[in-house]
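Worksheet for the structure shown next.
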Amino acid sequence: MRSGQLTTETMVQRVAIIGAGLSGLASIKCCLDEGLEPTCFERSDDIGGLWKFAEHAEEGRASIYHSVFTNSCKEMMCFPDFPFPDDFPNYMHNSKVQEYIRMYAKHFSLLRYIKFKTMVSSVKKRPDFSVTGQWDVVTNRDGKEESAVFDALMVCSGHHVYPHFPVDCFPGLNKFKGSYFHSREYKEPEKFKGKRVLVIGLGNTGSDIAAELSHTASQVYLSSRSGSWVMSRVWDNGYPWDMLTLTRFETFLRDALPTAISDWLYVRRMNRWFKHENYGLMPLNRTSRKEPVFNDDLPSRITCGTVVVKPNVKEFTETSAIFQDGTVQENIDFVIFATGYSYSYPFIEDNTIIKCRDNEVTLYKGILPPRLKKPTMAVIGLIQSLGAIIPTADLQARWAIRVFKGLYKLPPVNDMMNDIDEKMGKKLKWYGQSNTLQIDYISYMDELASAIGVKPNFPLLFLTDPRLALEAYFGPCSPYQFRLTGPGKWDGARNAILTQWDRTLKTTRTRVVHDSQKHVPFLNLLRVLVLPLLLLAVFLMIN
């Protein structure tokens with residue numbers, strides 16, 4: 001039987017799920033949908049993972065600051081069979097996301113499958129793993145240790161837990177008399193009033209913290225090693241950026257155009273809001289598709305002088321920072337390292353299961369350790385893209401469970417490793433490094449969806465339901481598309497797609513103003529793409 005074909009169902013029944021964040025909740029529900037018995041272990045006392053705000057950073061749990069808002073809009077980041085309420089804003093404060101998570105867990109009765117305040121201390125293969133594929137899972141609750149056997153394992157503990165804190169890369173930091181800490185510890189701006197603050201790292205977190213502190217601190221410096229593109233959440237005509245850019249037609253056009261034209265259009269699009277080189281933000285590799293920064297305030301704070309962009313720090317003195325360009329900033333009070341996180345799974349005794357080559361995470365489809373004798377472990381949510389994590393994790397969980405049950409046959413190990421190598425090569429081309437967690441959202445989702453029979457059949461859809469086909473192909477690639485057909489089909493998916501713009505506008509049109517122009521979202525998108533289409537036509541004529 002060829003790989004990728006459906007096979008007979010196996011005897012996997014009991015599934016251990018580690019972590020009750022977004023990925024964990026999606027995994028619980030997907031197990032239930034497939035008739036499996038999930039048990040989720042959560043070391044804290046609540047669900048939500050990254051989105052559960054706490055006043056202080058907690059050991060072993062992701063930590064966010066009070067002012068965190070989403071970078072994906074509600075129509076693009078929802079669970080694909082559970083839209084956000086109509087009255088929720090398009091981009092949400094973390095408290096609204098947590099409210100939605102609770103609604104989801106309650107609606108699908110997921111809480112009963114979660115063991116709170118229970119830490120997984122050890123996971124290892126059973127002695128007869130090569131035959132059964134089973135796992136010994138050891139947990140600790142209130143000092144009491146318990147062990148249980150599970151047929152499969154889903155690791156959903158996230159990758160924003162263990163801070164990457166490269167203090168050794170900054171000579172003189174041990175002499176610095178001010179305070180320095182990782183952004184994980186940052187919560188609110190009040191204690192920085194009147195202070196001079198240096199933020200290291202031009203990612204979403206560093207940019208958010210720098211922009212927020214610029215309203216209270218006397219001066220903020222934002223240090224970047226390689227620069228970054230900065231995007232606004234508000235895109236053409238005021239619509240959410242992701243509903244206009246994450247479309248199947250855009251993906252098709254990008255892949256069809258010659259690289260030189262595609263790169264030129266990409267840089268042009270990134271500079272449409274402001275010219276990045278004039279703000280010291282231009283990435284060293286202009287055409288790299290690494291994840292941009294989403295910040296609506298940063299350019300304004302730079303032009304007002306309250307945030308000053310600086311290159312990488314060369315070294316510290318007792319009171320100052322010396323930068324790579326030779327400039328010096330004196331009297332620095334605080335240094336905040338927004339330098340990201342390292343992913344780690346200390347409870348997995350055999351480190352080579354996930355890091356099976358060159359001490360790097362090596363997963364087939366970004367989910368499955370390829371060298372396991374039995375494919376009964378999945379890592380859910382260890383991925384980054386312009387798309388939101390909720391629909392990605394949901395589809396990953398659905399794919400993994402079909403593999404667990406033997407309903408999808410994996411290719412041989414060598415073929416899986418070759419697939420991993422091929423994707424690493426593409427990552428190097430698109431994102432500038434092969435070991436990044438970043439992937440192309442639509443291509444990745446379609447790859448998983450095709451494997452388990454849930455990708456929409458667009459040729460058929462254009463014939464049988466042209467209205468839906470036009471909206472799904474030229475409009476946003478929203479999560480509902482992956483619940484239109486196949487296993488896990490949701491009857492409300494079609495209507496959710498056709499009404500997604502109504503829900504988007506409901507929360508912004510709070511003062512009704514009559515508009516003579518009819519709202520046709522995908523035609524707005526086509527107008528944006530007139531230039532690329534013309535360039536493509538010229539290219540084809542020349543060749």
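The values are calculated or read from the model by the stated rules, or taken from the named source; none is laboratory data. Just so we're clear, the structure is a prediction, and the values are computed from it rather than from any experiment. Here Cβ is always computed from backbone atoms with ideal geometry, including for glycine, and neighbour counts include all displayed protein chains. The area values use the complete protein model at the heavy-atom level, side chains included, leaving out ligands, DNA and RNA. Shrake-Rupley method; radii C 1.70, N 1.55, O 1.52, S 1.80 Å.
I'd like to know if region 71-80 contains one or more residues that are open to solvent by 10 Å² or more (accessible area, probe 1.4 Å), over 15 Å from R503 (Cβ atoms), free of Cβ contacts under 8 Å to residues at least 12 places away in the same chain and assigned to a loop (DSSP other than H, G, I, E, B).
No.
Could you list, in sequence order, all residues of region 132-151 that are part of a loop (DSSP other than H, G, I, E, B) and touching a strand residue (DSSP E or B) at 6+ places or on another chain (Cβ under 9 Å)?
Listed by number, the residues that qualify are G133, Q134, D151.
Could you say whether any residue in region 333-353 is among the polar types (S, T, N, Q), open to solvent by 50 Å² or more (accessible area, probe 1.4 Å), in contact with a strand residue (DSSP E or B) (Cβ under 7 Å, 6 or more places away or on another chain) and under 29 Å from S218 (Cα atoms)?
no
Give all pairs with beta carbons closer than 6 Å in which a residue from region 33-57 that is surrounded by fewer than 16 Cβ atoms within 10 Å (Cβ to Cβ) meets a residue that is part of a loop (DSSP other than H, G, I, E, B); count only pairs at least 6 apart in sequence or on separate chains.
Pairs that qualify, where the first residue is surrounded by fewer than 16 Cβ atoms within 10 Å (Cβ to Cβ) and the partner is part of a loop (DSSP other than H, G, I, E, B), are D33/G488; E37/Q13; D45/F116; D45/K117.
Yes/no per residue for (1) in contact with a helix residue (DSSP H, G or I) (Cβ under 8 Å, 6 or more places away or on another chain); (2) open to solvent by less than 60 Å² (accessible area, probe 1.4 Å); (3) in a helix (DSSP H, G or I):
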{"position": "A105", "(1), (2), (3)": "yes, yes, yes"}
{"position": "S109", "(1), (2), (3)": "no, yes, no"}
{"position": "S121", "(1), (2), (3)": "no, yes, no"}
{"position": "S130", "(1), (2), (3)": "no, no, yes"}
{"position": "L153", "(1), (2), (3)": "no, yes, no"}
{"position": "G158", "(1), (2), (3)": "yes, yes, no"}
{"position": "F165", "(1), (2), (3)": "no, no, no"}
{"position": "P171", "(1), (2), (3)": "no, no, no"}
{"position": "F181", "(1), (2), (3)": "no, yes, no"}
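Would you pick out the residues in region 402-421 that are acidic (D, E) and farther than 19 Å from I354 by Cβ?
Hit for region 402-421 is D415, nothing else.
Tell me which residues, restricted to region 20-62, are in a helix (DSSP H, G or I) and β-branched (V, I, T).
I28
Considering only region 195-240, how many residues are of a type outside the set (A, V, I, L, M) and free of Cβ contacts under 8 Å to residues at least 40 places away in the same chain?
Qualifying residue count, region 195-240: 3.
Could you tell me whether V413 is surrounded by fewer than 17 Cβ atoms within 10 Å (Cβ to Cβ) and either among the aliphatic types (A, V, I, L, M) or closer than 27 Å to M77 by Cβ (or both)?
yes
Which one of the conditions (1) open to solvent by 40 Å² or more (accessible area, probe 1.4 Å); (2) out of contact with any Leu (no Cβ under 9 Å at 6 or more places or on another chain) does V308 fail to meet, given that it meets all the rest?
(2)
Give the number of residues within region 306-365 that are more than 19 Å from G381 (Cα to Cα) and not β-branched (V, I, T).
25
Counting only residues that are farther than 12 Å from C156 by Cβ and modelled with pLDDT of 95 or more, how many does region 36-45 have?
3
Within the set of pairs 6+ apart or on separate chains, which have a first residue in region 133-157 that is within 16 Å of I114 (Cα to Cα), a second that is of a type in the set (S, T, N, Q) and open to solvent by 20 Å² or more (accessible area, probe 1.4 Å), and C-beta atoms under 6 Å apart?
V138/S121; V138/S147; N140/S121
With the requirement that a residue be touching a residue at least 60 places away in the same chain (Cβ under 8 Å), acidic (D, E) and either open to solvent by less than 50 Å² (accessible area, probe 1.4 Å) or in contact with a strand residue (DSSP E or B) (Cβ under 9 Å, 6 or more places away or on another chain) (or both), what does region 311-326 give you?
Result: E315, single match.
Go through the residues of region 274-287 one by one and say whether even a single one is touching a Pro at 6+ places or on another chain (Cβ under 8 Å) and surrounded by fewer than 18 Cβ atoms within 10 Å (Cβ to Cβ).
yes
Mind listing whichever residues of region 288-303 are assigned to a loop (DSSP other than H, G, I, E, B), at pLDDT 95 or above and either open to solvent by 50 Å² or more (accessible area, probe 1.4 Å) or in contact with a Phe, Trp or Tyr (Cβ under 9 Å, 6 or more places away or on another chain) (or both)?
D296, D297
Regarding L448, is this residue modelled with pLDDT under 95 and surrounded by 13 or more Cβ atoms within 10 Å (Cβ to Cβ)?
No, not satisfied.
Taking R398, is it open to solvent by 10 Å² or more (accessible area, probe 1.4 Å) and under 22 Å from the mean Cα position of the chain (by Cα)?
Spelling it out, R398 is indeed open to solvent by 10 Å² or more (accessible area, probe 1.4 Å) and under 22 Å from the mean Cα position of the chain (by Cα).
Looking at this structure, is D236 farther than 18 Å from S288 by Cα, surrounded by 17 or more Cβ atoms within 10 Å (Cβ to Cβ) and of a type in the set (D, E)?
Taking the combined requirement at face value, the residue does not satisfy it.
Could you run through region 362-415 and say how many residues are at pLDDT 95 or above, part of a loop (DSSP other than H, G, I, E, B) and in contact with a Cys (Cβ under 6 Å, 6 or more places away or on another chain)?
1
Check off (1) open to solvent by less than 30 Å² (accessible area, probe 1.4 Å); (2) under 18 Å from P479 (Cα atoms) for L386 and give me the number that stays unchecked.
Only one criterion is unmet by L386, namely (1).
Within region 190-229, work out how many residues are open to solvent by less than 20 Å² (accessible area, probe 1.4 Å) and either in contact with a helix residue (DSSP H, G or I) (Cβ under 6 Å, 6 or more places away or on another chain) or assigned to a helix (DSSP H, G or I) (or both).
Number of matching residues: 14.
If only one of K117, K96 is in a helix (DSSP H, G or I) and under 24 Å from K187 (Cβ atoms), which one is it?
The conditions single out K96.
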